[in-house]
Amino acid sequence: MKKQYDKKPLEIATKGMVEYMQQIDRISVEELRKMSKKLLDPLVKAVVDVRRKIVVVDADLHVDEELFLLENGSAKEDLWGINLWPELYGGCGFIEFDALINMRPFQNNRSRGVEDESVRRRIQEIVGGVVYAG
C-alpha cells in the first residue's frame with residue numbers, strides 16, 4: 001500500500017529556513033559577500049528554477065532551497081543547485097555547478113554537476129540578470 005503524504009513534511013523541513021533564505025530579483029556582489037561569511041567556505045548556495053527564472057539563495061543546504069521552491073509551485077526537473085563564489089565575480093569560477101540535488105538519472109544527469117550545456121547557459125543567463133557589481 002502506497003503511503004500518502006500531505007505538505008506537512010515539506011512545511012516542517014523548511015520551517016525556520018525562511019528567516020534567512022530568500023528569493024531574489026536583484027542582488028549585489030557585496031550582499032553575496034556578506035552572505036558567504038555564514039558558511040565555512042566563502043560561497044553562497046543557490047537554486048535556480050530555469051523555467052520560472054527564479055533564484056533562491058542563502059541556505060545551509062541546496063535541498064532547503066529546493067523544498068522552498070517546490071512548495072511554491074516549481075517542478076523538480078526545473079531546479080538546479082549551484083554555488084556562487086562572490087570573490088570570483090566576473091570570472092569563470094563565479095558560478096559553480098555542484099549540488100547533490102542535481103543528481104537525477106531520469107534527466108540523464110548522473111553527477112552533482114549540470115551536464116547539459118544548454119541548461120548551464122540558461123542558469124548563467126538567469127544569474128547574470130540577477131547579480132550585479134556593487
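Structural remarks
- Ranked by how many other beta carbons lie within 10 Å on average, peptides 73-86, 44-57, 23-36 from highest: 44-57, 73-86, 23-36
- Within the chain, the selection of entire DSSP H helices by a Cα span of 15 Å or greater along the long axis and an average Kyte-Doolittle value of at least -1.0 returns 117-130.
- Label of the coordinate-derived value, P(r) over Cα pairs in 5 Å bins from 0, in percent, listed as (i) 2, 9, 13, 12, 8, 5, 4, 3, 3, 3, 3, 3, 3, 3, 4, 4, 5, 5, 4, 3, 3, 1, 1, 0; (ii) 2, 10, 21, 24, 20, 13, 6, 2, 1, 1, 0, 0; (iii) 2, 10, 19, 22, 22, 17, 7, 1, 0: (ii)
- Calculated [θ] (222 nm, deg cm²/dmol) that DSSP helices of n ≥ 4 give over the chain, each run adding -39,500 (n - 2.57): -8500 deg cm²/dmol
- Relative contact order of the range 19-132: 27 percent, from C-alpha pairs under 8 Å at least 6 residues apart in sequence.
- Separation in nanometres of the label points that stand 7 Å from Cα toward Cβ, at GLU115 and ARG52: 2.7
- Amide H partners (placed H, <5 Å) of SER28, local residues excluded: TYR132
Read-outs throughout are calculated quantities, based only on the coordinates presented, and are distinct from any laboratory measurement. Since the structure is predicted, the reported quantities are computational estimates derived from the model, not experimental observations. Cβ: placed from backbone, ideal geometry, glycine included. Neighbour counts: every protein chain shown.
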